[in-house]
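Single-structure report; data block below.
The values are calculated or read from the model by the stated rules, or taken from the named source; none is laboratory data. Small disclaimer: the values here were computed from a predicted structure and weren't measured. A quick note on method: Cβ atoms are made from the backbone with ideal geometry, for glycine too, and the neighbour counts reach across all protein chains shown. Surface areas here come from the heavy atoms of the whole protein model, side chains and all, with no ligands, DNA or RNA. Shrake-Rupley method; radii C 1.70, N 1.55, O 1.52, S 1.80 Å.
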Amino acid sequence: MNIALIGFRGTGKTTVARLLAKKLDKKFISTDGEITKKVNMTTLKFVKKYGLEKFLELESEVIENVSDLDECVFDTNGRTVIRNENIINLKKNGLIVLLTADIKAIMSRINKDKPSAKNKDIDELKDALQELESRYKRAADYAIDTSRLSPEEVCNLISHYIQMELK
């Protein structure tokens, strides 16, 4: 069984996915990492050069390919839920766990290197999050608010959910 982590940026997907893969002795796969390998440039550069729609097409191809694997933990892009086929493919052989966080936690995590966040940045994040929120909730088998949990605590909860599924 695979575990796919979905959610907005700054919710802890990458950190938790790496830790969970190690804890469960599963392979860690970053969909953005797979895209980067495939196109030999960062996802940000790819989007700037070719546009979001081309990126979403490429992401869907990558997800279709990796979803055929087994015993993996997937760290997905925040926009993975935009295309329904991604969710269908990820659910073929796995669970989808939504990681959420309050806006303060997200801002803090995204802007670790910046001394302060501007209100405009917060408003833009809120708008983007609101746009995706219902898609995240529809796609998820389970949801965990990571705002006040350590990555280890999140992994423990996911492990508990996996055990419930296996019963």
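For the range 135-156, the set of residues classified as within 23 Å of Asn89 (Cα to Cα), part of a helix (DSSP H, G or I) and open to solvent by 60 Å² or more (accessible area, probe 1.4 Å) consists of Arg135, Lys137, Arg138, listed by residue number.
Of all residue pairs spaced 6 or more apart or on separate chains, those with beta-carbon atoms under 8 Å, a first member in the range 139-155 that is modelled with pLDDT of 95 or more and of a type outside the set (Asp, Glu) and a second member that is part of a loop (DSSP other than H, G, I, E, B) and open to solvent by less than 40 Å² (accessible area, probe 1.4 Å) are Thr146/Thr11; Thr146/Gly12; Thr146/Ala101; Ser147/Ala101; Pro151/Gly12; Val154/Gly12; Val154/Thr146.
Of all residues in the range 13-28, which are surrounded by 20 or more Cβ atoms within 10 Å (Cβ to Cβ) and either over 9 Å from the mean Cα position of the chain (by Cα) or modelled with pLDDT under 95 (or both)? Please lay out each step first, then the result.
Of all residues in the range 13-28, those surrounded by 20 or more Cβ atoms within 10 Å (Cβ to Cβ) come to 13, 16-17, 20-21.
Listed by number, the residues that qualify are Val16, Leu20, Ala21.
Limited to the range 87-100, what total is found for residues that are within 20 Å of Asp123 (Cα to Cα) and either crowded, with 23+ Cβ neighbours inside 10 Å or at pLDDT below 95 (or both)? Working first, answer last.
The first filter runs over the range 87-100 and keeps only residues within 20 Å of Asp123 (Cα to Cα), leaving 100.
Still in the running and either crowded, with 23+ Cβ neighbours inside 10 Å or at pLDDT below 95 (or both): none.
Of the residues in that region, 0 qualify.
Listed here are the residues, each with its yes/no results for (1) modelled with pLDDT under 95; (2) in a helix (DSSP H, G or I); (3) farther than 21 Å from Asp32 by Cβ; (4) not polar (S, T, N, Q).
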| site | (1), (2), (3), (4) |
| --- | --- |
| Val62 | no, yes, no, yes |
| Asp113 | yes, no, no, yes |
| Leu125 | yes, yes, no, yes |
| Leu129 | yes, yes, no, yes |
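For Arg79, are the conditions met, namely being at pLDDT below 95, farther than 20 Å from Lys23 by Cβ, within 14 Å of the chain's Cα centre (by Cα) and of a type outside the set (A, V, I, L, M)?
Working: at pLDDT below 95: yes; farther than 20 Å from Lys23 by Cβ: yes; within 14 Å of the chain's Cα centre (by Cα): yes; of a type outside the set (A, V, I, L, M): yes.
Against the criterion (at pLDDT below 95, farther than 20 Å from Lys23 by Cβ, within 14 Å of the chain's Cα centre (by Cα) and of a type outside the set (A, V, I, L, M)), Arg79 qualifies.
Only one residue in Asp70, Asp75 is open to solvent by 50 Å² or more (accessible area, probe 1.4 Å) and either farther than 13 Å from Gly7 by Cβ or in contact with a Ser or Thr (Cβ under 9 Å, 6 or more places away or on another chain) (or both), so which one is that? Among Asp70, Asp75, only Asp70 is open to solvent by 50 Å² or more (accessible area, probe 1.4 Å) and either farther than 13 Å from Gly7 by Cβ or in contact with a Ser or Thr (Cβ under 9 Å, 6 or more places away or on another chain) (or both).
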